[in-house]
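The values are calculated or read from the model by the stated rules, or taken from the named source; none is laboratory data. Worth saying up front: this structure is predicted, and the values here are computed from it rather than measured. When we count neighbours, we look across all protein chains shown, and the Cβ atoms used for this are built from the backbone with ideal geometry, even at glycine. These area figures cover heavy atoms from the full protein model, side chains too; ligands, DNA and RNA do not enter into them. Shrake-Rupley method; radii C 1.70, N 1.55, O 1.52, S 1.80 Å.
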Amino acid sequence: MVLEKAERAFPGHILDKSLIQEEVFYRIPRYVVEYLLARMGGQREAVEKVRKLLEERYLGPGHEQWIKDQLLRTGRFVLIDRLEVQVDLQTGSYRGRIPSLGEHLLEVRPRLAEEHPGVLYGMWGTLELLYDPATRKVRLGQFVPFEAHLKDLEPFQRGRQAFSEEEWTDFLLGSVGINPEGLSERLKLLYLARLAPLVEPNLHYLELGPRQTGKTYLLRNTSAEAFVVSGGKVSPAVLFYNQLTRRPGLVPTYEVVIFDEIAHTAWEDPSVISILKDYMESGQFSRGGRTLATEASLVFLGNADDPTPPVTRALPNGLRGDTAFLDRIHGILPGHEFPKITPERLYQGPALVVDYLAAALRRLRPLAFSAEVSLPSSYTQRDIRAVRKWLSALLKLLYPHRVWPEERVKGLLEFALELRERVYEELHRLNPDEFPPRKPQAPPPRLDWAELQALLPAEYTGLFQALQEAGLPPPEEGPEDLMAEGRVIGQSLARWGQKRLVPPGLGAHGLEVHPETPVEKIQNYYQISLEVTPIVGLGNGS
């Protein structure tokens, strides 16, 4: 049924994601594989065709001598590889580098960098290599990059209307390779938040969390317009503009620039941070007497073992403790809520070909999506801009056809407020004088004991009657779903603030109690006084 609906909504753009699980496909990016599979028909027989094509045309490092032998014999060789173009100032020429040829460079026509700016930093495609016996040089003939182009967004918007919101959310996650089965609604929303930079220009977020949760997985494998900087030293020339070559850097070239392993990235040049903050604030930067405006979103990712604030202690020198930089971050994703990527977390059903989806998201990017919402009076312009960017991105992802229920906007707004409030909490911890506590919310309402007893398992009635008689206040919440790696594993009994009572076997989420547990043990767990600290701000991710 899902397959039939998907094929009716998006004819010619549906792929069975199980096809890309072949081991041979792990050597190249997901969007390249799906691009080739879709063009080979997108069915089971396409796997063998693409496998054969890659065996013939994708060689990789270590085959340069064989390729040169073929060029010497026939004068022409066609292969699939990643092309990176370098500018040679001494000769005023352009040279191409591909892994399959090692250190041997190709002659490249100057217009290629104008036609496809991404080749300055690497693009996948089909390359035609030509050998000239007279000059004894190899030059690049044709280059066909692997990227889809969408002339009109209307078919994509029309296809979205065939799905309910829940169906579309699952379909969208499946399209980027995430299995939605068993995921909570919140976790699905968090995965979509990772995609937000692809649809919203100049949206910058930070995520610090455990390893192997796929922090770079979605962006790296969804769009060729996302570039990953994995550690090393960053410079103004690399990021923004190279004054010697007069060529734009990563930020003006790509839609999303991802700083992976941020703790291992060196931010030693003060001018880099200065230009970075100017760009994050205004969307433009000055370099070499020129002012350039661009719309790249910046994503900062890193590993952090401790989820308690301040999580930004994991940032490297140069960024750690810099409130001016942090205030320009639009949101912090709670990295510790994401489960580790396992085979079960990878989707294997029918969904959109990812390069088609990426092209649609690219079309959505410059569009303005907004909804009428009320924001706290204490919010600054940066706060307001951040929340509106998150809300716009989520609306584009969930409702690209611009039709959404007004009641849904409230939930998305609360989520956007939470992501921004995480930034403010870090700012407050770093400089409480400049960033004082937000106006506290009213304490959360409590259940009355009669309401609670109606929700509890019958065997716990006596225990909670004893708690009431001992003078304990009623809890704020009764039974709640408990999550582990995105799955419901059981229910709590009651919660005061962040203190939970849970049945046996769920001790990782609170105090385990059974019907005969002494009241004194529970009083000691709550340190006798069950005062609840007011929640600061609009969302602390708890």
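Quick notes on this structure:
- One chain, two ends: SER184 and ASP481. Fully extended at 0.36 nm per residue, the span grows by 105.9 nm beyond their Cα-Cα distance.
- Each of the peptides 235-248, 281-294, 207-220 was scored by the mean count of other Cβ atoms within 10 Å over its residues; in descending order, highest first, they stand as 207-220, 235-248, 281-294.
- If you plug the beta carbon distance of ASP433 and HIS264 into 1/(1 + (r/R0)^6) with R0 = 30 Å, you get a FRET efficiency near 0.40.
- Pairwise label distance in nanometres, ARG27 with LEU153, each label 7 Å out on the Cα-Cβ vector: 3.9 nm
- Label point distance in nm, VAL2-ARG39, each placed 7 Å from Cα along Cα→Cβ: 2.8 nm
- Cβ charges +1 (Lys, Arg) and -1 (Asp, Glu), total dipole of the range 180-243, debye: 240 debye
- Each peptide in 32-39, 302-309 receives the mean, over its residues, of other Cβ atoms within 10 Å, and ordering these scores from highest gives 32-39, 302-309.
- What the range 96-212 shows is 40 Å² of accessible area per residue, with the surface traced by a 1.4 Å probe over protein heavy atoms.
- Legend: distances between Cα atoms for LYS188/LYS499; LYS340/LYS389; LYS17/LYS188; pairs beyond 24 Å are LYS188/LYS499; LYS340/LYS389.
- Loop-located GluC sites (Glu not before Pro) in the range 79-183, at most 11 other Cβ atoms within 10 Å (DSSP): GLU103
- Length added when fully stretched, GLU64-ALA454, from 0.36 nm per residue minus Cα-Cα: 133.0 nm
- Relative to the longest principal axis of the Cα atoms of the chain, the long axis of helix 165-175 makes an angle of roughly 40 degrees.
- Checking the Cα-Cα distances for LYS68/LYS151; LYS5/LYS49; LYS151/LYS233; LYS52/LYS233 against a 29 Å cut-off, the pairs over it are LYS68/LYS151; LYS151/LYS233; LYS52/LYS233.
- Our summary gives the range 332-450 a relative contact order of 27 percent, counting only alpha carbon pairs under 8 angstrom and 6 or more residues apart.
- Over the range 330-470, accessible surface divided per residue gives 46 Å², non-protein components excluded, 1.4 Å probe.
- Rg/Rg_globular for the range 150-253, with Rg_globular taken as 2.2 N^0.38 Å and Rg from C-alpha atoms: 1.34
- Neighbourhood net charge (11 Å Cβ-Cβ; Lys/Arg +1, Asp/Glu -1) for GLU165: -1
- Cα long-axis angle, helix 406-430 against the chain (0 to 90 degrees, to the nearest 10): 90 degrees
- For the chain, the longest principal axis of the C-alpha atoms and the axis of helix 381-398 are separated by about 70°.
- Per-residue ellipticity at 222 nm, computed for the chain from helices alone with -39500 (n - 2.57) per DSSP H run of at least four residues, works out to -10500 deg cm²/dmol.
- Total formal charge among the other residues, if their Cβ is under 11 angstrom from that of ASN221, Lys/Arg +1 and Asp/Glu -1: 0
- Separation of alpha-carbon centers, the range 348-426 and the range 262-317, rounded to whole Å: 22 Å
- Additional length obtainable on full extension of the chain from GLN491 to SER377, 0.36 nm per residue less Cα span: 37.3 nm
- In this calculation the C-beta distance from GLU281 to GLU516 is compared with R0 = 45 Å, giving a FRET efficiency of 0.15.
- Cα gyration tensor shape for the chain, rounded if a/c is under 1.5, else prolate or oblate: prolate
- Percent carbon-and-sulfur accessible area, the range 298-440, ignoring ligands, DNA and RNA, probe 1.4 Å: 52 percent
- Tensor-based shape of the range 362-450 (alpha-carbon gyration tensor, a/c under 1.5 rounded, otherwise prolate or oblate): oblate
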